[in-house]
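Here's the structure, in structure tokens; my notes come after.
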Amino acid sequence: MVRWVNVFAEIGQFKGQFRLWLPADGRPPKDAQEACRLAALGLFYALARNEVPGFKWQVVRNGKSVVMAEMRFTVADNATQWIIDAPRREENPVPNADVYIFPTLREGKILTPPGKMYTADELLFAPGELRRKIFQKTT
């Protein structure tokens, strides 16, 4: 079963409300920033669920860090794991993540550490395959 939480946020230029669906037994977000992170991770999950066969997904929370996700999947008989971070505006990306979801592609190009992958909320909302929406930062 699921429930929804109405989130009212004023973060940067965004001022408004959105609805976040959560498992009925899940803990609600601690603040609007965490709710925004969960929403971005949910977009990524929805696309990956349809495109990545046999993947496993887990939201990772601990009291000392921000909420992130762990995605495990197999490519050519190789088990792969990605840690996915969704930094919101005025937050620093978590250094040990593999994929970052930024609000805009411009922020992703600027803020992603070299050698890491990134995407953006604006791309995840647009139609198309997830694999074409993830980019690698080389320098």
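If Asp98 meets every condition in (1) under 14 Å from the mean Cα position of the chain (by Cα); (2) of a type in the set (Asp, Glu); (3) modelled with pLDDT under 95 apart from one, which number is that one?
Going through the list (1) under 14 Å from the mean Cα position of the chain (by Cα); (2) of a type in the set (Asp, Glu); (3) modelled with pLDDT under 95, Asp98 breaks only (3).
Looking only at the stretch 40-67, which residues are part of a loop (DSSP other than H, G, I, E, B) and either closer than 20 Å to Arg132 by Cβ or without any contact (Cβ under 8 Å) to a residue 12 or more places away in the chain (or both)? Before the answer, list the steps.
Filtering the stretch 40-67 down to residues part of a loop (DSSP other than H, G, I, E, B) leaves 52-55, 61-67.
Correct list: Val52, Pro53, Phe55, Asn62, Gly63, Lys64.
With respect to Arg37, determine if the residue is buried (at least 18 other Cβ atoms within 10 Å of the Cβ), of a type in the set (D, E, K, R) and assigned to a loop (DSSP other than H, G, I, E, B).
Values: buried (at least 18 other Cβ atoms within 10 Å of the Cβ): yes; of a type in the set (D, E, K, R): yes; assigned to a loop (DSSP other than H, G, I, E, B): no.
It is false that Arg37 is buried (at least 18 other Cβ atoms within 10 Å of the Cβ), of a type in the set (D, E, K, R) and assigned to a loop (DSSP other than H, G, I, E, B).
For the stretch 124-136, which positions are within 14 Å of the chain's Cα centre (by Cα) and under 13 Å from Ala46 (Cα atoms)?
Residues satisfying the conditions are Leu124, Phe125, Leu130.
Identify the residue in the stretch 74-116 that is assigned to a strand (DSSP E or B) and in contact with a Gly (Cβ under 9 Å, 6 or more places away or on another chain) and, among all such residues, is surrounded by the fewest Cβ atoms within 10 Å (Cβ to Cβ). Give the derivation first.
From the stretch 74-116, those assigned to a strand (DSSP E or B) are 74-75, 78-85, 99-102; that's our starting set.
So of that shortlist, the ones also in contact with a Gly (Cβ under 9 Å, 6 or more places away or on another chain) come out as 74, 100-102.
Numbers: Thr74: 12, Tyr100: 25, Ile101: 28, Phe102: 26.
Among those that are assigned to a strand (DSSP E or B) and in contact with a Gly (Cβ under 9 Å, 6 or more places away or on another chain), it is Thr74.
Looking only at the stretch 123-139, which residues are outside any loop (DSSP other than H, G, I, E, B), open to solvent by 30 Å² or more (accessible area, probe 1.4 Å) and at pLDDT 90 or above? Spell out how you get there, then give the answer.
Taking the stretch 123-139 as the starting set, the residues that turn out to be outside any loop (DSSP other than H, G, I, E, B) are 123-125, 130-132, 135-136.
After this cut, where a residue has to be open to solvent by 30 Å² or more (accessible area, probe 1.4 Å) as well, the list is 123, 125, 131-132, 135-136.
Matches in the stretch 123-139: Leu123, Arg131, Arg132, Phe135, Gln136.
Quick one: Glu70 ticks every box in (1) acidic (Asp, Glu); (2) farther than 21 Å from Pro29 by Cα; (3) free of Cβ contacts under 8 Å to residues at least 24 places away in the same chain bar one, so which box is it?
Failed condition: (2).
Please list, ordered by first then second residue, the pairs with beta carbon atoms under 6 Å, 6 or more apart or interchain, first in the stretch 109-135 and over 13 Å from Glu51 (Cα atoms), second of a type in the set (D, E, K, R) and surrounded by 15 or more Cβ atoms within 10 Å (Cβ to Cβ).
From the stretch 109-135, the pairs are Thr112/Lys137; Pro114/Lys137; Lys116/Lys137; Thr119/Lys133; Leu123/Lys133.
Could you identify the single residue in Lys56, Lys64, Lys15 that is surrounded by fewer than 17 Cβ atoms within 10 Å (Cβ to Cβ), at pLDDT 90 or above and among the charged types (D, E, K, R)? Write out each step before concluding.
Details: Lys64 fails: at pLDDT 90 or above; Lys15 fails: at pLDDT 90 or above.
Selected residue: Lys56, the only one of Lys56, Lys64, Lys15 that is surrounded by fewer than 17 Cβ atoms within 10 Å (Cβ to Cβ), at pLDDT 90 or above and among the charged types (D, E, K, R).
The values are calculated or read from the model by the stated rules, or taken from the named source; none is laboratory data. None of the values given here were measured: they were computed from a predicted structure. Here the Cβ is made from the backbone with ideal geometry for all residues, glycine too, and neighbour counts use every protein chain on show. Just so you know, the surface numbers come from the protein's heavy atoms only, side chains and all, with ligands and any DNA or RNA stripped out. Shrake-Rupley method; radii C 1.70, N 1.55, O 1.52, S 1.80 Å.
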